[in-house]
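Q: Have a look at the structure that comes next, please.
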Amino acid sequence: MLEIKSLECVRDDRLLFSDLNFSLDDGEVLQIEGSNGCGKTSLLRIICGLRLAEGGQVYWRGETIRANREDYYANMVYIGHLPCIKGDLTVLENIRSLLDTRSLTVEDDVIETALSKVGLASYEDVPGKALSSGQRRRILLAFIELAGAKLWVLDEPLTALDVQGVALMESMIIEHQQAGGSVIFTTHHGMQLDCEMRSVKLGGKEYMKASTWDEE
Amino acid sequence: MFKSIWRWIQRFSSPKYFYEMSAKLIPWFAVSALVIGVYGLYLGLFVAPTDYQQGESYRIIFIHVPAAWMSLFIYMVMAISAGIGIIWQIRLADMVAAASAPIGASFAFLALVTGSLWGKPMWGAYWVWDARLTSELILLFLYFGYMALQSAIDDQRSADKASGLLAIVGVVNIPIIHYSVEWWNTLHQGATVAKFDKPSMHIDMLIPLLLMAVAFKLFYAAIVLIRTRNEALYRDRNRRWVRELIEKL
Amino acid sequence: MNWSEFFHMGGYAFFVWTSYGLTLIVVLMNIVSPMLQRKKIIARIKRTIKREKLTGS
Amino acid sequence: MLKAYYHLLFRDLRLAFRNRHELANPLIFFVLVVTLFPLAVTPTTEALRAMAPGVIWVSALLAVLLSLDRLFKQDYDDGSLDQLMLSPNPLVILVLAKVTAHWFLTGLPLVIMAPLLGMFMALPDEAISVLIYSLLLGTPILSLIGAIGVSLTVSVNRGGVLLSLIVLPLYIPVLIFGANAVDVAMNGLSVRGQLLFLGAVLALALSLAPLATAVALRITASR
């Protein structure tokens, strides 16, 4: 479904990775591993099409994500380091505006169910600025749940979450996988996932040393 | 067919290949710029007749007008190569754009200063809000904006793309700016001030002028190659070809 | 035309020669500054190479 | 697509109205700057009239410039901009929505405030109406061109001065024709040419600037 072919990424004239290949099918969970600064976030941003790779392509259902943009973005949801929450909007408005960017119309009671699932029941009218950072991340969890995407791209999804929050994220990933969805994620916290999972390691020894590299 | 052309372009636009090739080109440009420049100066300063209206002061034209032409020409080069860099992801094009900016800015500065030195005997003031001088000043600001944006963004690639886009926006705007400044000028000054660079052009004046313009272009070509080589070295400082080259030095 | 007349430029000597002088300065600066820049870049890369050899990476 | 446009437009408007005090700031700035000139130069009617078009237009320009920040800064800082770019809708439409919101929040209030300032500067009535027309045509151009500038500089720390450095030269044609229209109207001449020019530039900016802004946003997001 998602295919990464000979991807290359350069940052500040350092080769983060090159000739990276992997693919992801329905119902697969993939963890991107690697130490700080090895390009995990850059890789996820390339997969989303936010960052342009120096070489290689990302394919969605056999076509490049640029050619297949509309279908890809309707089926992919990305969560980065930043909370995407506006302090001046209420929880409900925040989640609505996030869903609006995906052109999704969701009934109020569906949103309420999702919010109560992430532990924010009856928080609908609370303004974003009154929330703790963990609660803001929980809104994002509700957003992922409602986004109706097949592919979840999660960059450090456990940031600022407490123990229950982590457990919630884990159960959501497993649920999503069982429903036939797929997940790519990075994390520095241990995530206990009771499901089949693959991992791709970035910045192996051969790359760490390769600060000097060849053209092409 | 298309693919092979593309390969070819990629090979010839690789910084390494450029670095080797440009070393051979620079002397040619530099020497011909010098020869044509000296000949142009000789014709301009010794052979060209005195202008019956402006006396000898008109001889500033032989540097002022070519400098003004160059400042505009280099901006075009910058925008076009930045466009190539953005659309086809050719790194060399970005380097050429970045290398051109300081040269273009220096020519714009030169055009402004010589223009005002020419203006003093003509108008009795160093600065008059003449249409051409004003446009030139705005062009200098556009160069400053490009260079400021280029140096403000840390990530080299984003800096190239962002400032490149600004150069393209600038190019779309230059005709509009030029037209509106010209129009503004006719409104506010009327015909009392003599037109700037249209003394009755004698052929003996025209030839040195064109020669100087050619010399300036060749000079730019030499300098932009040198500067692009620097950019290539700096940007590829972690790549093997640069490392090997440096170790040999 | 003799030389003193030539340098006098019909009374416009200051304007004409300042212009040409400035042009010379700008041209020279355009030649010198990339040369200095090149030296700096090469020195910097050499330092990097040295550092990498020292740290053994 | 139209729905995406309205949703984003209304979101931005709603956000702005939650912070009403901030909303008024560019407007107060506009009035304040214009007020400085009679104090600094002279309050005689002829002098005021001579400088009025320029003063009002320059102040409007600066007011727009100061408010450009809110076009993308907040969205960039909290990550919403990434989400907008991952929308299945064309980015150009979303850019247009943001620019429209910006114009409603700064350009339009400036237009509404203009008659008051015209009175401050002793402008005759027919000049005031032309001032309104010229601002009505000119301020959207300022927002559109400004959007390119902000989207290039949002990622830069302390990008405020940089933004004015790259945007102000591009504003010059609008300034020339806008101020001149008012000037000419004061002398009772036809301003059709000036307004047509502003209209043409507006059409050009409307068709090209959102594209350039979309490209600029992609460049900015590519970090």
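Q: For every helix of n ≥ 4 consecutive DSSP H residues, a contribution of -39,500 (n - 2.57) applies; sum these over chain C, divide by its total residues, and give [θ] at 222 nm rounded to the nearest 500 deg cm²/dmol.
A: -30500 deg cm²/dmol
Q: Work out the length of the dipole vector of the protein assembly as shown about its Cα centre, built from +1 on the beta-carbon of each Lys and Arg and -1 on the beta-carbon of each Asp and Glu, and round it to the nearest 20 debye.
A: Numbers: 66 positive and 63 negative charges, 470 e Å.
Here the size comes out at about 2260 debye.
Q: Cα axis of helix A:133-147 to longest principal axis of chain A: angle in degrees, 0 to 90, nearest 10?
A: Relative to chain A, helix A:133-147 is tipped by roughly 80 degrees.
Q: Which one of B:T114, B:Y42, B:I168 has its Cα pushed farthest toward the positive end of the charge dipole of chain B, where Lys and Arg give +1 and Asp and Glu give -1 at the Cβ?
A: Value computed over the given set: B:I168.
Q: Can you tally the net charge around D:T100? Count Lys and Arg as +1, Asp and Glu as -1, for every other residue whose Cβ sits under 13 Å from the Cβ of D:T100. Display every interim value, and only then the final one.
A: Details: positive: D:R11, D:K98; negative: D:D12.
Charge balance in the 13 Å sphere: +1.
Q: Ok, one more. Within chain D, which complete DSSP H helices have Cα atoms spanning at least 30 Å along the helix axis and a mean Kyte-Doolittle hydropathy of 1.6 or higher?
A: Working: long enough: D:20-40 (31 Å, 1.40); D:45-67 (32 Å, 1.47); D:125-153 (40 Å, 1.57); D:160-186 (36 Å, 2.01); D:192-221 (42 Å, 1.57).
Span-like helices in chain D: D:160-186.
Q: Hey, can you grab everything whose amide H is under 5 Å from the amide H of B:R237? Only 5+ residues off in sequence or another chain; H modelled, so Pro and N-termini drop out.
A: none
Q: I would also like to ask the following. Note down the magnitude of the dipole of the range A:119-196 about its Cα centre, charges +1 on Lys and Arg C-beta and -1 on Asp and Glu C-beta and zero elsewhere, to the nearest 20 debye. Please report the intermediate quantities before stating the final value.
A: Values: 5 positive and 10 negative charges, 53 e Å.
The dipole magnitude comes to about 260 debye.
Q: Amide H to amide H, which residues 5 or more places from A:T90 or on other chains are under 5 Å from it, using H placed in the peptide plane?
A: The list, which skips near neighbours in sequence, is A:G128.
Q: Measure nothing but the geometry: give the 0 to 90° angle between the long axis through the Cα atoms of A:91-101 and the longest principal axis through the Cα atoms of chain A, rounded to 10°.
A: The angle comes out at about 50 degrees.
Q: Can I ask one more? State, as an integer percentage, the relative contact order of the range D:2-221 based on alpha-carbon contacts under 8 Å between residues 6 or more apart.
A: On the way: 246 pairs, mean separation 58.1, N = 220.
Rounded, it is 26 percent for the range D:2-221.
Q: Under a no-solvent Debye model with one identical scatterer per Cα of the protein assembly as shown, what's log10 I(q)/I(0) at q = 0.07, 0.09, 0.11 Å⁻¹?
A: So the normalised log intensities work out to -0.62, -0.96, -1.25.
Q: If you don't mind, another one. Taking Cα pairs under 8 Å and at least six residues apart, what relative contact order does chain B come out at, in percent?
A: Numbers: 274 pairs, mean separation 86.4, N = 249.
Relative contact order of chain B: 35 percent.
Q: On average, how much area does the Cα convex hull of chain B cover when viewed from any direction, in nm²?
A: With every direction weighted equally, the projected area is 16.3 nm².
Q: Also, I was wondering about something else. Order these by the 10 Å Cβ neighbour count, fewest first: D:T42, A:T159, C:T18, D:T153.
A: On the way: D:T42 12, A:T159 19, C:T18 15, D:T153 31.
Ordered by Cβ neighbours within 10 Å, fewest first: D:T42, C:T18, A:T159, D:T153.
Q: Let me spell out the model: positive unit charges on the Cβ of Lys and Arg, negative unit charges on the Cβ of Asp and Glu, origin at the Cα centre of chain D. What dipole size does that give, in debye rounded to 20?
A: Taking the Cα centre of chain D as origin, the dipole is about 500 debye.
Q: Right, something else. For peptide B:236-249, what's the mean number of Cβ atoms from other chains within 10 Å of each residue's Cβ? Display every interim value, and only then the final one.
A: Values: counts 4, 9, 12, 8, 5, 4, 6, 7, 1, 2, 8, 3, 0, 3.
Taking the mean over all residues of the peptide, I get 5.
Q: Which whole-number percent is the relative contact order of the range B:102-249 (Cα, under 8 Å, 6+ apart)?
A: Normalised by residue count, the contact order of the range B:102-249 is 21 percent.
Q: Can I ask one more? In which sequence would A:D88, D:D82 go, from the one with the fewest C-beta neighbours within 10 Å to the one with the most?
A: By the 10 Å Cβ count, ascending: A:D88, D:D82.
Q: Which of the GluC sites (Glu not before Pro) across the range A:103-160 are loop residues per DSSP, with 13 or fewer other Cβ within 10 Å? Each step should come with its number before you reach the end.
A: On the way: sites: A:E107, A:E112, A:E124, A:E145; in loops: A:E107, A:E124.
For GluC sites (Glu not before Pro) across the range A:103-160 that sit outside H, G, I, E and B with at most 13 neighbouring Cβ atoms in 10 Å, the list reads A:E107.
Q: Got a sec? Charge dipole of the range A:2-201, +1 on Cβ for Lys and Arg, -1 for Asp and Glu; which of A:Y78, A:T105, A:S122 is way out at the positive end?
A: Checking the options against the dipole of the range A:2-201, the answer is A:Y78.
Q: Quantify how strongly other chains surround peptide D:4-11 by giving the mean number of their Cβ atoms within 10 Å of each of its Cβ atoms.
A: On the way: counts 4, 0, 1, 7, 3, 0, 2, 8.
Mean inter-chain Cβ contacts per residue within 10 Å come to 3.
Q: Provide the percentage of antiparallel DSSP beta bridges, counting only those with both residues in the protein assembly as shown; round to the nearest 5. Can you show the working numbers first?
A: Numbers: 16 of 33 bridges.
Given both bridge residues lie in the protein assembly as shown, the antiparallel proportion sits at roughly 50 percent.
Q: Calculate how steeply helix B:156-189 sits against the longest principal axis of the alpha-carbon atoms of chain B, using the helix alpha-carbon long axis, and give the answer as 0 to 90 degrees to the nearest 10.
A: 10 degrees
Q: Just to check I understand the Karplus step: with θ = phi - 60° and J = 6.51 cos²θ - 1.76 cosθ + 1.60, what whole-Hz values come out for the range B:37-52, glycine and proline as x?
A: x, 5, 5, x, 5, 4, 4, x, 8, 10, 8, 4, x, 5, 6, 6
Q: Here's another thing I want to ask about it. Using the count of nearby Cβ atoms within 10 Å as a rough guide to exposure, how do B:D236, A:D125, B:D155 rank from fewest to most?
A: Numbers: B:D236 23, A:D125 9, B:D155 14.
Listed from fewest to most nearby Cβ atoms, that is A:D125, B:D155, B:D236.
Q: Looking at the range A:1-96, which trypsin sites (Lys or Arg not before Pro) are in a loop (DSSP not H, G, I, E or B) and have at most 16 other Cβ atoms within 10 Å? Please list the in-between numbers first.
A: Numbers: sites: A:K5, A:R11, A:R14, A:K40, A:R45, A:R51, A:R61, A:R66, A:R69, A:K86, A:R96; in loops: A:R51, A:R61, A:R66, A:K86.
Passing both the DSSP loop test and the Cβ count: A:R61, A:R66.
Just so you know, all these numbers are worked out from the coordinates, no wet-lab data involved. All of these numbers come straight from a predicted model, not from anything done at the bench. Reconstructed Cβ throughout: ideal geometry from the backbone, glycine too, with neighbour counts over all protein chains shown.
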